[in-house]
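First the structure, in the form of structure tokens, and then the observations on it.
A short reminder: the numbers here are calculations on the coordinates, not readings from a lab. Bear in mind the structure is a predicted one, so any value in this text is a computation, not a measurement. We place every Cβ from the backbone using ideal geometry, glycine too, and count neighbours over all the protein chains shown.
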């Protein structure tokens, strides 16, 4: 594995960094305060090909390798984690899900539109009674002539109310456990499908989060993604991809904390000298830097395995666990460096902490990541 970005990857980094600095960061504070979904930013990203990620060019994607994909997530996350969440769901969960499991017709219809930002997607797995235990979902899909009828609800679905399509997981065989779950591509506006926004979130306030409701919602046979009973495998592969995007985005949060803390520490004076000269301030910033370097390399290691077509569930869980926890540490220290000012929204570090915290919860909590890691090391399942 190369430890340095190649020329193409550096060019992507420069392009995304410039876009993020000019188009994303200036609106992050206001969008967060007003819970405003950044639709125009997402549209522009689609126009630049930044929503295409690893999707092959034949389907309208950018055909990027996974290290380049991580670079995009990091740079976007450095500017605004809400935008990074939207992009991560779009690319990692929805596009790659359809690319891996979809029929030729599904790929040819949905992927070009998703990659251009003409369509937005959501990934509907979590339910009020099924979070970490995804196999216990209660949403059902009953076979009818020409299609399926869905009943149930989902919650904490990113982009749920603004998405044009949702990959929805439902039980098609109640007695078969995880093997009785199937996945469906449900269009916005399908009869019996409704949504409700979730407000009052601690962080990611400009990323839409919703409840979804299915009341005798009919979807045609061609809405099935994969085969009946493959839904749980589709969900797990999606979570592998999603965790990779979260981990890379957390590297961006850590780097943003470093940038803000270095800048402030050089400007702020106490006892007639910049606080940058204080040993304990340097200690906090040094720890942020070490965490950023370590998290970035863990992400790149997982990305290298993905590039080579090698399963990376363990490595992705390690990266997601470490990077998300490190992002919370970095944001906490960044607020400390800023003192009282860090506790207000005059500076962005309070938003970094609010946005970082959810990364230790969604796409599998830190505790679930440790159980995944423990299972691989011990060969003993902590849960079935």
Highest GNM mean-square fluctuation, the chain, Cα pairs closer than 10 Å: which of 67, 254, 372? 372
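Per DSSP helix of 4 or more residues, -39500 (n - 2.57); summed, then divided by the residues of the chain. What does that give at 222 nm, rounded to the nearest 500?
Calculated at 222 nm, the ellipticity per residue is -16000 deg cm²/dmol.
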Using alpha carbons only, how many degrees (0 to 90, rounded to 10) separate the axis of helix 279-307 from the longest principal axis of the chain? 30 degrees
In nm, give the distance between the simple-model label positions of residue 263 and residue 104, each being 7 Å from the Cα along the Cα-to-Cβ direction. 5.2 nm
With everything on Cα atoms, drop me the angle between helix 104-115 and the longest principal axis of the chain, reported from 0 to 90° to the nearest 10. 30 degrees
At residue 367 and residue 33, where each label point lies 7 Å from the Cα along Cα→Cβ, what is the point-to-point distance in nanometres? 3.7 nm
Counting other beta carbons within 10 Å of each Cβ, put 236, 377 in order, fewest first. 377, 236
The alpha-carbon center of segment 335-372 and that of segment 59-136 are separated, in whole Å, by 23 Å
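Provide the percentage of antiparallel DSSP beta bridges, counting only those with both residues in the chain; round to the nearest 5.
Of the beta bridges lying entirely in the chain, close to 85 percent run antiparallel.
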Give me the angle, in degrees from 0 to 90, between the Cα long axis of helix 66-79 and the longest principal axis of the Cα atoms of the chain, rounded to the nearest 10. 60 degrees
Arranged by the count of other C-beta atoms within 10 angstrom, fewest first, what order do 129, 199, 289, 338 take? 199, 129, 289, 338
Provide the gained length on full extension for the span residue 10 to residue 133, in nm with one decimal, where the gain is 0.36 nm per separating residue minus the Cα-Cα distance. 40.3 nm
So for each of 58-65, 76-83 I average, over its residues, the number of other beta carbons within 10 Å; can you give me the resulting order with the highest mean first? 76-83, 58-65
Could you put 148, 109 in order, starting from the residue whose Cβ has the fewest other Cβ atoms within 10 Å? 109, 148
Per segment 122-232, sqrt(5λ) over the Cα gyration tensor eigenvalues, sorted largest first, in Å, gives 23, 16, 11
Taking 7 Å along the Cα-to-C-beta vector as the label spot, tell me the residue 282-residue 297 distance in nanometres, rounded to one decimal. 2.3 nm
Given (1) 20.8, 79; (2) 22.2, 72; (3) 20.4, 65, which label gives Rg and Dmax of the Cα atoms in Å as computed from the coordinates? (1)
